[in-house]
Amino acid sequence: MDDRGDMMSVETNRDERPGIRAVRESGRTSVVIIGAGINGISTFRDLAMQGVDVLLVERGDFASGATAASSHMIHGGIRYLENGEFRLVKESVQERNGLLKIAPHYVKPLQTTIPIYSTFSGILSAPLRFLTHKSGKPGERGALLIKIGLTLYDTFSRDGGTVPRHRFVGRKKSMEQLPRLDEDVKYTATYYDASIHDPERLALDVLRDGEAAHEGAHALNYVEAVGLDDQGLRLRDTETGSEFHVQADVVVNASGPWTDLTNASLGTDTSFMGGTKGSHIVLDHPELLEATAGREIFFEHSDGRIVLIYPLKGRVLVGTTDLDADPREPARCTEEEVQYFFDLIRHVFPTIEVNHSDIVYRYSGIRPLPHHDDTAPGFVSRDYRIERRKDEALPAVFSLVGGKWTTFRALGENLADHVLEELQRPRVTSTVGVRIGGGNGYPKTPRRKLEWLRENVGEGERGQVLFTRYGTRAADVAAFIRDGEDAPVVGAVLSTRELTWMVENEQVRHVSDVVFRRTSLAFTGDADAATVRSIAQALAPILGWDTERSDAEISDTITQLREAHGVQIEPAAVDAG
């Protein structure tokens with residue numbers, strides 16, 4: 001999904017990108033993957049590690065669709081137990097434990113607390129939900145049912161003590177630990193999952209690992225698949241409008257919620273998908289931040305939806321909804337959903353006031369769920385499957401249906417195995433336990449971290465920013481910055497030389513790529529008009545933009561902030577300067 005919306009076409013004097021030129025001139029690869037969300041990227045890396053020539057194309061920016069609209073959680077999915085999805089829970093917990101080890105720069109342990117208001121509620125309704133997958137009348141889950149679920153969850157979590165086992169406490173101790181909780185709470189249950197602090201950056205790390213694994217692996221953003229015929233897959237450069245063909249033996253459709261739409265463009269009508277919309281808001285609210293005590297608060301609201309409140313990057317993330325959605329329409333967090341979030345905050349922390357002025361960012365995406373008829377959205381399987389189509393004289397097409405952030409490594413391996421079988425090629429290596437990007441050599445203790453910073457990037461604020469953003473890859477970025485003329489763009493957060501790094505190494509093409517995905521500026525509410533303008537002015541000489549193009553980039557990014565993410569930017573601020 002192109003997060004830039006319907007930006008006007010702007011003529012530029014730039015030559016065709018070298019990456020596109022190389023692909024066009026070659027005209028041939030073994031596999032083309034359509035869709036550079038985390039699952040397409042994971043499959044790309046896996047195939048590259050097998051030595052397979054593979055091309056990954058994305059019509060927008062990398063990780064700009066459903067991948068960018070997550071709840072920032074890497075979790076086993078305790079509530080999937082109620083759906084009877086034991087295989088998925090086991091795989092998810094194993095992958096969560098693995099990611100804590102192979103991607104420690106972005107994936108962190110997350111202490112999670114469930115407030116509980118009764119002892120026996122849900123004992124009768126839970127089996128009915130398990131058997132029918134219908135939501136029925138919403139019913140609260142009591143302590144006994146949650147205890148059973150967490151005990152079962154712990155059995156899946158055994159992995160050398162990667163995360164602690166759950167614990168229950170009564171009202172008195174609950175209020176001591178979380179004094180702003182609703183006083184009607186009877187118990188709290190606490191267990192551990194994991195959070196992902198920078199989903200888009202983790203996706204980029206996986207992608208760059210794939211590019212480095214094999215010289216025949218190439219990834220292109222802003223390139224759309226628009227057809228499939230006997231000449232091959234027809235691709236369109238969305239920046240120039242030019243089209244060209246690439247021949248391949250296998251095509252993988254990993255375009256998430258848009259899988260059916262992509263198949264239609266390739267000449268096949270399918271109805272695999274039935275995604276639901278999930279929205280979130282990000283609050284700058286010190287009182288609520290303190291009330292969470294560093295924990296995720298995870299519970300079932302009165303309507304039966306599972307919701308969460310947790311601290312992230314000095315803000316509080318609140319989500320999520322689960323509503324049927326049309327992938328042809330842009331997903332937006334509505335005022336009704338915002339009010340829903342306010343109500344659930346009051347439900348858990350009744351003495352804390354929250355209003356619209358506390359919102360610094362809102363976002364919404366469509367989950368890539370399978371078609372589900374009358375199954376309630378919350379009970380639609382989060383598991384995945386792979387559909388194959390083979391027409392005479394055309395390459396085989398594999399469509400990925402479903403999938404979620406937590407299981408991206410295992411899913412990529414599974415999908416790659418299908419492709420390898422089609423190509424009649426053996427698997428030569430596994431991604432199990434393979435460190436990702438800036439997780440290589442990641443310091444395990446605070447003392448070692450200080451030593452690493454001192455030796456590689458410096459101990460000041462700028463060094464800490466680079467380390468947080470790139471993990472140990474910050475050493476390469478810092479060396480690149482030192483090797484040229486540099487100047488601050490957004491204080492210690494961003495500099496001109498780092499933007500050059502992003503253009504040369506991460507395929508930044510637009511201001512929005514930087515604001516929404518290469519940094520956390522939008523998420524934390526720090527992307528004001530002056531910041532957007534400064535980034536555009538710094539990118540202009542790097543990308544060869546004239547004044548008209550720079551102005552269009554500024555206007556487009558600010559429009560996205562306003563219309564897609566509810567950021568309040570005054571017109572006067574946009575026009576200033």
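The values are calculated or read from the model by the stated rules, or taken from the named source; none is laboratory data. What you are looking at is a predicted structure, and each value in this text was computed from that prediction instead of being measured. No Cβ is skipped: glycine too gets one built from the backbone with ideal geometry, and neighbour counts run over all protein chains shown. Accessible surface areas use protein heavy atoms only, side chains included; no ligands, DNA or RNA. Shrake-Rupley method; radii C 1.70, N 1.55, O 1.52, S 1.80 Å.
The eigenvalues of the Cα gyration tensor, multiplied by 5 and square-rooted, give the range 236-374 an equivalent ellipsoid with semi-axes of 38, 18, 13 Å from largest to smallest. Residues in the range 32-43 carry Karplus couplings, in order, of 10, 9, 9, x, 9, x, 4, 6, x, 5, 4, 5 Hz; the curve used is 6.51 cos²θ - 1.76 cosθ + 1.60 with θ = phi - 60°, and Gly or Pro positions show x.
Distance between the 7 Å Cα→Cβ label points at residue 212 and residue 152: 4.1 nm.
Computed with a 1.4 Å probe on the full set of protein chains, the accessible area for residue 258 sits at about 30 Å². Across 399, 357, the residue with the most accessible area heads the list, and the full order at a 1.4 Å probe is 357, 399. Length gained on full extension, residue 229 to residue 287: 15.0 nm, using 0.36 nm per residue less the C-alpha separation.
In this structure the chain gives 40 Å² per residue of accessible area when probed at 1.4 Å with all protein chains present. One decimal place: the segment residue 428-residue 568 gains 45.2 nm when fully extended, by the rule 0.36 nm per residue minus the C-alpha distance.
Rounded to whole numbers, the Karplus 3J(HN,Hα) couplings from phi for the range 214-219 are 7, 5, x, 9, 9, 10 Hz, using 6.51 cos²θ - 1.76 cosθ + 1.60 with θ = phi - 60°, and x at Gly and Pro. Loop-located GluC sites (Glu not before Pro) in the range 439-512 (DSSP state other than H, G, I, E, B) with a sparse environment of at most 15 neighbouring Cβ atoms within 10 Å: 459, 485. Applying the criteria of a DSSP loop state and at most 11 other Cβ atoms within 10 Å to the GluC sites (Glu not before Pro) of the range 391-429 yields 392.
Explain nothing, just the number: relative contact order of the chain, from Cα pairs under 8 Å at least 6 residues apart, as a whole percent. If you can, show how the numbers build up before the last one.
Values: 1132 pairs, mean separation 109.2, N = 577.
After rounding, I find 19 percent.
Computed extension gain for residue 271 through residue 117, at 0.36 nm per residue and net of the alpha carbon distance, reaches 51.3 nm.
Farthest towards the positive end of the charge dipole of the chain, among the residues 51, 428, 27, is the Cα of 428, using unit charges on the Cβ of Lys, Arg, Asp and Glu.
A dipole drawn for the range 232-355 from +1 and -1 charges on Cβ atoms has a positive end, and of 283, 247, 261 the residue lying farthest that way is 247. Solvent-accessible area of residue 244, all protein chains in place: 10 Å² (probe radius 1.4 Å, heavy atoms, ligands and nucleic acids excluded). Here the chain exposes an accessible surface that is 50 percent carbon and sulfur, computed with a 1.4 Å probe and the other protein chains kept in place. Given +1 at the Cβ of Lys and Arg, -1 at the Cβ of Asp and Glu and no other charges, the dipole of the chain around its Cα centre is 2680 debye to the nearest 20.
Relative to one another, the C-alpha centroids of the range 388-455 and the range 497-548 are positioned 28 Å apart. Kirkwood's formula applied to the C-alpha pairs of the range 166-227 gives a hydrodynamic radius of 16.4 angstrom. Compute the separation of the alpha-carbon centres of the range 242-258 and the range 280-296 and state it in Å as a whole number. If you average the Cα positions of each part, the centres end up 42 Å apart.
Under 5 Å between amide hydrogens, built in the peptide plane, is the criterion, and for residue 285 it picks out 316 among residues at least 5 positions away or on other chains. Among the trypsin sites (Lys or Arg not before Pro) found in the range 440-488, those both in a DSSP coil and sparsely packed, with 15 or fewer other Cβ atoms within 10 Å of their Cβ, are 444.
Given a cut-off of 41 Å, what percent of all Cα-Cα pairs of the chain lie beyond it? Roughly 22 percent, rounded to a whole number.
Phi angles across the range 176-186 convert, under the Karplus curve 6.51 cos²θ - 1.76 cosθ + 1.60 with θ = phi - 60°, into 3J(HN,Hα) values of 5, 7, 9, x, 8, 4, 4, 5, 7, 5, 9 Hz, Gly and Pro given as x.
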